[in-house]
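Below you'll find the structure, written out as structure tokens, and then a few comments.
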Amino acid sequence: MESADLRVFRAVAREGSITKAALRLGYVQSNVTARIRQLEAELDTELFVRHNRGVTLSASGRTLLAYADKIVGLLDEATQALTSSDEPAGPLAIGSTQTAAAVRLPKLLASYYESYPNVRLSLSTGHTQTLLEQVLHYELDGSFIGCECDHPELRAIPAFEEELAIVSAASVADWAEAVTKPILVFAKGCSYRDVLDRWLSVNGLTQSVMMEFGMLEAIVGGVTAGLGISMLPKSVVRKQVAEGLVRIHDVPEPFRYMKTEFVMRKDSFVSSALQAFIAMLPGGGVQPESRLSDVEKGTGT
DNA sequence: CGGATAACACGTCTGGCACG
DNA sequence: CGTGCCAGACGTGTTATCCG
């Protein structure tokens with residue numbers, strides 16, 4: 001079993017299709033088929049269940065995927081550790097919630113890119129749960145998430161604090177009127193939605209009409225058009241408030257403030273690019289218990 | 001449409017051998 | 001003993017085609 005085989009296997013598992021995985025990897029379908037067949041023969045087990053619309057992981061495949069993620073992640077980390085220099089360079093994959101990406105990150109990323117032009121920075125957005133999974137699977141070097149993280153394998157560094165508010169169309173007088181409207185939310189797994197769910201539950205508003213949206217812009221647009229209300233950071237709708245398009249209604253503690261944290265794997269090598277990124281976080285990414293040890297900085301044993 | 005298979009091309013690895 | 005050359009084996013990739 002070679003690491004290249006595991007990379008091919010992971011791609012097929014993620015895509016759910018040999019053809020799509022081949023396209024993504026830059027191989028032809030037959031080659032990927034052969035690699036998977038070879039892996040299956042070597043392990044004497046079927047890793048995928050074949051059907052006429054692609055493939056799905058078998059139980060054995062799911063077991064192997066967990067190991068493949070770790071093995072490939074460690075190999076990439078080892079490569080990075082050996083090639084990393086003091087001058088930040090190379091790839092840096094960052095994840096973020098849509099709200100942080102829209103409001104907080106543009107300046108930070110621009111400033112980072114200006115300081116370290118040799119770093120190939122990539123930003124992908126998603127919901128907190130998805131982002132956590134991607135960090136755990138070594139797909140992201142780190143990610144901004146909209147909740148306090150206590151996962152044993154992750155280190156969390158406080159990044160920003162957002163003041164949340166109920167956002168409605170400008171014509172809505174107060175929050176009592178606001179909560180009679182449909183509620184526009186992200187899909188489950190979004191931290192803002194979790195706060196909103198708890199807030200609604202505390203206020204006995206469990207029967208509210210929920211409309212799920214995939215994009216922040218769609219929610220803000222829907223609120224502006226009077227379709228419904230939502231719970232969002234004030235910073236996200238600052239412009240719309242100034243233009244008189246929406247009205248914000250304060251929410252009480254403990255729902256009012258939400259921390260955005262930057263999370264990364266505890267056991268991962270911290271490249272110079274990532275180290276520089278952390279240093280650029282508000283407060284320099286340093287908190288009493290989050291200083292990086294020598295080991296984590298890759299300078300220890 | 002997506003996966004499997006056969007046939008083939010090409011590059012790399014490996015073992016054997018000769019030579020300095 | 002180290003080095004260079006060569007032939008065959010092997011691995012990795014392709015195209016073409018078939019099958020469900």
Pairwise label distance in nanometres, residue A:202 with residue A:44, each label 7 Å out on the Cα-Cβ vector: 5.8 nm
Stretch gain in nm, segment residue A:63-residue A:257, where the contour uses 0.36 nm per residue and the Cα spacing is subtracted: 65.9 nm
dims of segment A:15-163, Cα set, principal axes, largest to smallest, nearest Å -> 51, 35, 28
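Students often get this wrong, so check it: of A:20/A:239; A:107/A:234; A:239/A:266; A:107/A:266, which have C-alpha atoms separated by over 29 Å?
Correct reply: A:20/A:239; A:239/A:266.
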Viscosity 1.306 mPa s, 10 °C: Kirkwood-radius Stokes-Einstein D of segment A:163-256 over Cα pairs, µm²/s: 123 µm²/s
Summing -39500 (n - 2.57) over the DSSP H runs of n ≥ 4 in chain A and dividing by its residue number, what mean residue ellipticity at 222 nm do you reach, to the nearest 500 deg cm²/dmol? -12000 deg cm²/dmol
Amide H proximity to residue A:210 below 5 Å, modelled H, separation 5+ or other chain, gives A:183
Rounded, prolate or oblate: which fits chain A, taking a ≥ b ≥ c as square roots of the Cα gyration tensor eigenvalues, rounded meaning a/c under 1.5, else prolate when a/b beats b/c? oblate
Taking only Cα atoms, what is the 0 to 90° angle, nearest 10, from helix A:3-15's long axis to the longest principal axis of chain A? 40 degrees
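Using 0.36 nm times the number of residues separating residue A:87 and residue A:124, minus their current alpha carbon distance, what extension gain do you get? Before the final figure, lay out each step's value.
On the way: separation 37, 0.36 × 37 = 13.32 nm, distance 2.41 nm.
This chain segment gains 10.9 nm when fully extended.
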FRET efficiency, residue A:173 to residue A:4 (Cβ-Cβ, R0 45 Å, nearest 0.05): 0.10
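Each value in this text was obtained by applying a stated rule to the coordinates, not by laboratory testing. All of these numbers come straight from a predicted model, not from anything done at the bench. Cβ coordinates were reconstructed from backbone atoms using ideal geometry, including for glycine residues, and neighbour counts include every protein chain displayed.
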